[in-house]
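Quick notes on the structure that follows.
Here, each number is a calculation from the coordinates, and none is a lab measurement. No experiment lies behind these values; they were computed from the predicted model shown. Cβ atoms come from the backbone with ideal geometry, glycine included; neighbour counts cover every protein chain shown.
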Amino acid sequence: MDHKPINFQEKFSKFSEHWSPKIIAQMNDYHFKIAKIQGEFVWHSHPGTDEVFIVIHGEMQIVFRDGVAALKEGEMLVVPKGVEHKPIAEEECHILMIEPAGTVNTGDAGGDLTVEEVEWV
C-alpha cells in the first residue's frame, strides 16, 4: 500500500487543459478529482448525487438559476443533487471535486466538454 501524501501542486503541474478533470485518489466509492478551469462551463445537474467543489487556487463562481455563489481559495461548496448549476472562472482556477466514482462531469447535459474516460494523474 502507498502511504505517500498527495501533493496538489505536483498533480496540477502534470496537465494544462481546462475543464478536463483528473482523478488523484479514491476513497470507498468516491473519486477525488482535480481540474483547471477558466471561462464558462455548461449548465448541468447531477440527478443522483451531490457534488463538492473546493478551490485550491484562484477564484470561481457557481451560478444557479436563483443566484450565484462566489468561492475563493480555501473555500468549498456542496451543490445538492438535482440542482442545475454552471461553474465559471474569469482567471484560471484550480479545484478539487469529490463525487461518486463514475460521475460524468457534464451531468445530464452531455456535449463537447464531456469527459468519457477520466484519467488518473
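Glu91 falls short on exactly one of the conditions (1) touching a Gly at 6+ places or on another chain (Cβ under 8 Å); (2) within 17 Å of Phe8 (Cα to Cα), and that condition is (2). Restricting attention to the range 103-121, the residues being surrounded by 16 or more Cβ atoms within 10 Å (Cβ to Cβ) and aromatic (Phe, Trp, Tyr) number 0. Residues in the range 1-51 that are closer than 25 Å to Val63 by Cα and without any contact (Cβ under 8 Å) to a residue 24 or more places away in the chain: Ser16, Glu17.
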